[in-house]
Amino acid sequence: MTETLSDTHSPADPILDVRNLSKSFGTEKTGGAVEVLKNLSFTVGRGEFLTILGASGCGKTTLLRILCGLETADEGTVLLDGGDITALAPEKRPVNTVFQSYALFPHMTVYDNIAYPLKLKHTPKSAIRRRVGEMLDMVQMTGFEGRYPAALSGGQRQRIAIARALIASPQILLLDEPLGALDFHLRRRMQTELKRIQRALGITFLYITHDQEEALNMSDRIAIMHGGGFLQLDTPAVIYDSPADTRCARFVGESNLLPAVFSAPVDCDLVAVSVGGQTLCVRRGAYPPDAFAALKPGSPVTLSVRSEQLQLCSSTVPADSILLSGSVSEISFAGGVQHITFTPQGLPDTSLVAVRYGMEQNLAPGMTAAFSLSDGAAALCLEESAT
Amino acid sequence: MRHRTRATLAALPLYLFVLVFVLGPLVYMLVLSFMTRDGRGAAAVFTLENYRRIFDPVYFDTVLQSLGLACTSTALVTLIGYPLGLCTAFLGGKWPSFFRTAQMIPYFVNSLLRLVGWIIIFRANGLLDTVLMALGVTEEPLRLLYTYPAVVVGMVYVLLPFMFLSVQQVALQLDRTLIEASRDLGAGRVRTFLSVILPLTLPGLKTGILLTFIPSMGLFFIASILGGSKVVLLGSLIEEQLMRAHNQPFAAALSVFMMLLTGIISLLLLEHKPHDKRTDRKNGGEKSE
C-alpha cells in the first residue's frame, strides 16, 4: 500500500524515519494474530506538524506507543535524527507524549508535574523554576503552580499536560487525541493554541486524531491511516482536492462521489471521462499508478467532486463544463451557507451535495436544479470498499 | 416532630444493647481496676496499686515485649505483603482475584487449627526439622517451637492477608497511564516506583499497617500456642492474672491499660494518614476557564 502512495511532499532531511514497521497482537489461543501495523514506512520533517488521521482500530495508537517506546514493533526500524531508537527504552528517548487522559500525577502540584522531567535530569532548582515559569506562561496558566490536578478543569489539565511534555524540549512531541474530551468551542481554541505553540517552539508534532476538521485545521501534512497502513500522506490541500481513493475522500470533507466512464488520457495531469454521456476533463489527482495503468477506454471510474465545485446555474452550460441537473431532495441551511442535496438525472443511485452562499430561498425539495462542473475541477478517485 | 420521636424509638433497642453489652462491661472493668484484691474477689476499697504494679519490671517487661512483637510482626508483614500486593495487582487479568482467593481459602479453617499446623511444622523433629536434616542443612533438631521466632511466624502468617489485601486494592485502582507517562517523561523503573507508585499506594500501606499493628497487640492466643509459657504477651498476662492468679482488679487494670495503649497508638497512626489530596481545595477550586 505504501509503495503506491503519491507522497509529493516528502521531507529531504527527516527528523523521523520509520521503516517497515509491523506489529501483530494476539496468538492462536486468543483467536489468531491480528496485524495492527502492516509494513508501515514514512518520514517526518523537522518542525513539521504531521497529523495521523484515522478511525478507531486503524492502528494509530499502536503506532504512537511504538514511537514513544511503550510498545515494541515485531519488525521494522525507527530512526530519530539518524539514530536508531527502535530498541531504546521510553525514558531514554527524546520523545514525549501528551496522553489522551492527560495522565497528570494527582499527588503532585501543577508545579511539580511540569517540573518532573527536569527533576529527572537533575537540573538545578533555579533553572527549573525559570523553565516552569516559561512553560506556564506559554500555555497561559501562570499562577496555577500550587494547585492540584483535581482542582483543574479539563482544558486546564490539557494545557498542563502539554507544558509538562514540552519542558524538556523533546525532539518530537506525540499527541494522542488530546482534544477529544473537550467541548466544541474549547477544542477550536485549543487547536489554534497548539498550532501557535508548535510554530513558536519549532518542535515536530505528531498528532493523532479521528477528527478530520482538526487535521485540516492544524496540519502541515496529513496521513490517512486505515487497516495498519497509510492510504495517503500529503498536504491537506492535496488530500482535499485529490483524494487517493474513496475512503480518503470520505475522511476529508464532504465526499461527492460521481460514477463516470474512462475515455482517454489528455495529458500528464488530465484525463477525459464521460459522465452520463457528457465529456469532462478531470485531474488524475492521487490515483495510484498501478491502478491507472490498468484503465482502458470504457472502464468505470469514480470521481471525487467537492461541494463548492458544483455551481448552481441556469439551463445553459458554461464553456468547458458539464451540466448536472436533477431533483433536489434536501436543503439544509447553516448560517449563510446552504447545502443542497440532489440526485442527477441518469444516475439514480448517486446523491450529490452542492453549496450555495446566501440565504436566498428560491429552491425547495422536489424542484429541479442544474449545476455545472468545470473541466479540471473533479479528480479521479479509486473506488475502494471501506473494509 | 413525630418523625423524630419515631426515629428515636426505633433506635432505642440499639442504644440499650450498646449500653448493656458494651458500655456496661467497660464501666464495670474500669471500676474494678480501682478496687483492692480480696481473696478471690475484690473489695470496694479505692486504690491505685493495680496501676502502679503495671510498671513493675516483671510486668512492664511484658508490655515492652508485646510492643516489640507487634512492631516486628508489622515490619515483616509490610516487607512481605507490600510487594506481594503490588505484584499481584500489576499482573493484571484474573491474577489479582486468583491470589485473593488463594489467600482466603486457608481462612475457611479456624485460625486456631491452622496454628496447630505450625506446631507440627515447628516442633522438635517435626516437619521443618525433618526437611532440613534430610537436606543436610542441620544435624540436630532446631527446637523452634515455644520460641519468640515461632510466635513471630505465627503472627505474620495470620496477619499477612490484611496488608496484602489493602495494598492490592489500592494498587488495582492505580491509573497505569501514570506509570507510562512517568517512563515517557524520562523516569526509569526505579524512579517511577519511588515517585509515582509508592506515593499513590501509600494509603493502602498505611491501612495495612493499622490493620496489622492493632490486632498484633491483642492476638495472644498465637503466643500461647506457639510460644507456650516462654513468650508472654500482655493478653496472656491478663488471662493469667484473671484465671489463675485470681487477681481481678489487677487484670482489669491491665486491660484498661492495654485499651489505652492501643487507642493512643491507633490515633497516632491515623494522624499520619495523608490528606486526601484530591479534595484539597486550599488553593482555590474554581473551575473557570
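The table below lists the values:
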| read-out | value |
| --- | --- |
| Accessible surface of the protein assembly as shown, 1.4 Å probe, proportion on carbon and sulfur as whole % | 61 |
| Per residue Cα convex hull volume in Å³ - calculated over chain A | 178 |
| Electrostatic dipole magnitude of the range A:90-143 [Cβ: Lys, Arg +1; Asp, Glu -1; Cα centre; debye, to 20] | 260 |
| Inter-probe distance in nm under a simple model that places probes 7 Å from Cα toward Cβ, at residue A:19 and residue B:202 | 4.8 |
| Chain lengthening between residue B:47 and residue B:71 when straightened (0.36 nm per residue, less Cα-Cα) | 5.4 nm |
| 1.4 Å probe, heavy atoms, protein only - residues of the range B:173-206 losing at least 50 Å² accessible area vs chain alone | B:178, B:180, B:183, B:184, B:185, B:191 |
| Volume per residue that the Cα convex hull of the range A:197-292 spans, once the total is divided by residue count, Å³ | 127 |
| Cα-based Kirkwood hydrodynamic radius, the range B:130-208, one decimal, Å | 15.9 |
| Inter-label distance, nm, simple model (7 Å from Cα along the C-beta direction), residue B:61/residue B:140 | 2.5 |
| Global geometry of the range A:113-231, whether rounded, prolate or oblate, following the gyration tensor of its Cα atoms and the 1.5 cut on a/c | prolate |
| Over 31 Å (Cα to Cα) - which of A:60/A:296; A:23/A:296; A:92/A:125 fall in this group | A:60/A:296; A:23/A:296 |
| Accessible surface, the range A:2-243, averaged per residue in Å² (probe 1.4 Å) | 39 |
| Diffusion coefficient, µm² s⁻¹, Stokes-Einstein with Kirkwood Rh over alpha-carbon pairs of chain B at 20 °C and 1.002 mPa s | 93 |
| Cross-link reach list, aspartates and glutamates versus residue B:230, counting only Cα pairs under 14 Å and skipping chain neighbours closer than eight places | B:61, B:240 |
| Relative contact order %, the range A:256-326, counting alpha carbon pairs below 8 Å whose residues are six or more apart | 36 |
| Chain B: DSSP helices with Cα axial extent of at least 18 Å and average Kyte-Doolittle hydropathy no lower than 1.0 | B:57-91, B:148-172, B:198-218, B:248-271 |
| Debye, to nearest 20: dipole size of the protein assembly as shown, +1 on Lys, Arg Cβ, -1 on Asp, Glu Cβ | 3160 |
| log10 of Debye I(q)/I(0), alpha-carbon scatterers only, for the range B:1-143 at 0.14, 0.15, 0.16 Å⁻¹ | -1.09, -1.09, -1.10 |
| Buried accessible area, chains B and A (both chains, 1.4 Å probe, Å² to nearest 100) | 2700 |
| Descending semi-axes in Å of the protein assembly as shown, equivalent ellipsoid built from Cα gyration tensor | 75, 30, 25 |
| Percentage relative contact order, the range A:2-243, counting C-alpha pairs under 8 Å, at least six apart | 29 |
| The range B:1-80 shape via C-alpha gyration tensor axes, a/c threshold 1.5 | oblate |
| Residues in the range A:117-132 occluded by at least 40 Å² - accessible area, probe radius 1.4 Å, against chain by itself | A:120 |
| Per residue value of the accessible surface for the range A:276-327 (all protein chains in place, 1.4 Å probe), Å² | 47 |
| Amide H within-cut-off set for residue A:98, under 5 Å, with H built and near neighbours excluded | A:174, A:175, A:176 |
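The values are calculated or read from the model by the stated rules, or taken from the named source; none is laboratory data. For clarity, every value in this text was computed on a predicted model and none was experimentally measured. Quick reminder, even Gly has a Cβ in these numbers, built from the backbone with ideal geometry, and neighbours come from all protein chains shown. Note: accessible area is taken over every heavy atom of the protein model, side chains too, but ligands, DNA and RNA are not part of it. Shrake-Rupley method; radii C 1.70, N 1.55, O 1.52, S 1.80 Å.
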